[in-house]
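Participant: Sharing a structure, written as structure tokens. Questions coming.
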Amino acid sequence: QVQLVESGGGLVQAGDSLRLSCAASGRTANSYAMGWFRQAPGRNREFVATTWGGGSTWHADSVKGRFTISRDNAKTTMYLQMNRLKPEDTAVYFCAAAASSGLRLRPYDYDYWGQGTQVTVSS
């Protein structure tokens, strides 16, 4: 089992920055793919970014150039640096881990989930 705990959410104004963290514990492995998803009220869970292997990353078009995913394997922690935030970025952000490596873009590609952290961006 893998346990994931997100932190770093909050209420900010448009144009501000936030950094989310995801601490992993349990049967973690550096080979696991890890990702960030978000879910706004009344909407499906949406892919944000993923990292796998030796540092490969992929970001959704909606956040490309503003958000950056990274991972500190020594500390089994994943981050999401979010810059130039917009009101449409408001959502609960979830971190996830897949028990295998490779590009993973869909929620059902992941095996473990955190509880989520709220990000609210005011205009």
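The values are calculated or read from the model by the stated rules, or taken from the named source; none is laboratory data. This is a predicted model, so every value here is computed, not measured. Don't worry about glycine lacking a Cβ; one is built from the backbone with ideal geometry, like all the others, and counts go over all protein chains shown. With ligands, DNA and RNA removed, areas are computed over all heavy atoms of the protein, side chains included. Shrake-Rupley method; radii C 1.70, N 1.55, O 1.52, S 1.80 Å.
Participant: Given the structure, is Leu85 of a type in the set (A, V, I, L, M) and part of a strand (DSSP E or B)? Show your work before the answer.
Facilitator: Numbers: of a type in the set (A, V, I, L, M): yes; part of a strand (DSSP E or B): no.
Considered against the rule, which asks whether it is of a type in the set (A, V, I, L, M) and part of a strand (DSSP E or B), Leu85 comes out as no.
Participant: Same structure, new question: Take the residues in region 29-45 that are in contact with a strand residue (DSSP E or B) (Cβ under 7 Å, 6 or more places away or on another chain) and farther than 17 Å from Val121 by Cα; name whichever of them is surrounded by the fewest Cβ atoms within 10 Å (Cβ to Cβ). Steps first, answer last, please.
Facilitator: Within region 29-45, the first condition is being in contact with a strand residue (DSSP E or B) (Cβ under 7 Å, 6 or more places away or on another chain), and the residues that meet it are 32-40, 45.
Next, from what is left, pick out any that are farther than 17 Å from Val121 by Cα: 32-36, 45.
Values: Tyr32: 24, Ala33: 22, Met34: 27, Gly35: 28, Trp36: 27, Arg45: 18.
Among those that are in contact with a strand residue (DSSP E or B) (Cβ under 7 Å, 6 or more places away or on another chain) and farther than 17 Å from Val121 by Cα, it is Arg45.
Participant: Continuing with the same structure: Identify, please: which residue in region 8-28 is closer than 16 Å to Ala97 by Cα and under 17 Å from the mean Cα position of the chain (by Cα) and is, among those, surrounded by the most Cβ atoms within 10 Å (Cβ to Cβ)?
Facilitator: For region 8-28, the residue satisfying everything is Cys22.
Participant: Say we look at region 51-62 and pick out the residues that are assigned to a strand (DSSP E or B) and under 12 Å from Asn73 (Cα atoms); which of these is modelled with the lowest pLDDT?
Facilitator: Trp52
Participant: Select, from Thr68, Thr117, the only residue that is among the β-branched types (Val, Ile, Thr), closer than 23 Å to Tyr32 by Cβ and touching an Asp or Glu at 6+ places or on another chain (Cβ under 7 Å).
Facilitator: Thr117
Participant: Out of everything in region 74-86 that is over 16 Å from Arg38 (Cα atoms) and without any contact (Cβ under 8 Å) to a residue 60 or more places away in the chain, what residue ends up being surrounded by the most Cβ atoms within 10 Å (Cβ to Cβ)?
Facilitator: Thr76
Participant: Among the polar types (S, T, N, Q), at pLDDT 95 or above and open to solvent by less than 30 Å² (accessible area, probe 1.4 Å): does that describe Thr117?
Facilitator: yes
Participant: Right, something else. Gly102 versus (1) in contact (Cβ under 8 Å) with a residue 60 or more places away in the chain; (2) under 15 Å from the mean Cα position of the chain (by Cα): which is the lone unmet condition?
Facilitator: It is condition (2) that Gly102 fails.
Participant: So is Arg71 within 16 Å of Gly114 (Cβ to Cβ), open to solvent by 60 Å² or more (accessible area, probe 1.4 Å) and touching a residue at least 24 places away in the same chain (Cβ under 8 Å) or not?
Facilitator: Working: within 16 Å of Gly114 (Cβ to Cβ): yes; open to solvent by 60 Å² or more (accessible area, probe 1.4 Å): no; touching a residue at least 24 places away in the same chain (Cβ under 8 Å): yes.
Here the answer is no, as Arg71 does not meet what is asked.
Participant: Condition first: modelled with pLDDT under 95 and closer than 14 Å to Tyr110 by Cα. Now tell me which residues in region 30-50 satisfy that.
Facilitator: Across region 30-50, the qualifying residues are Ser31, Tyr32, Ala33, Met34.
Participant: A further question on this structure: So Ser100 passes all but one of these: (1) in a loop (DSSP other than H, G, I, E, B); (2) closer than 12 Å to Ala24 by Cβ. Which condition number does it fail?
Facilitator: (2)
Participant: Could I ask something else about it? In a loop (DSSP other than H, G, I, E, B), on the phi > 0 side of the Ramachandran plot and either without any contact (Cβ under 8 Å) to a residue 60 or more places away in the chain or surrounded by 14 or more Cβ atoms within 10 Å (Cβ to Cβ) (or both), is that true of Gly65?
Facilitator: So Gly65 passes the test.
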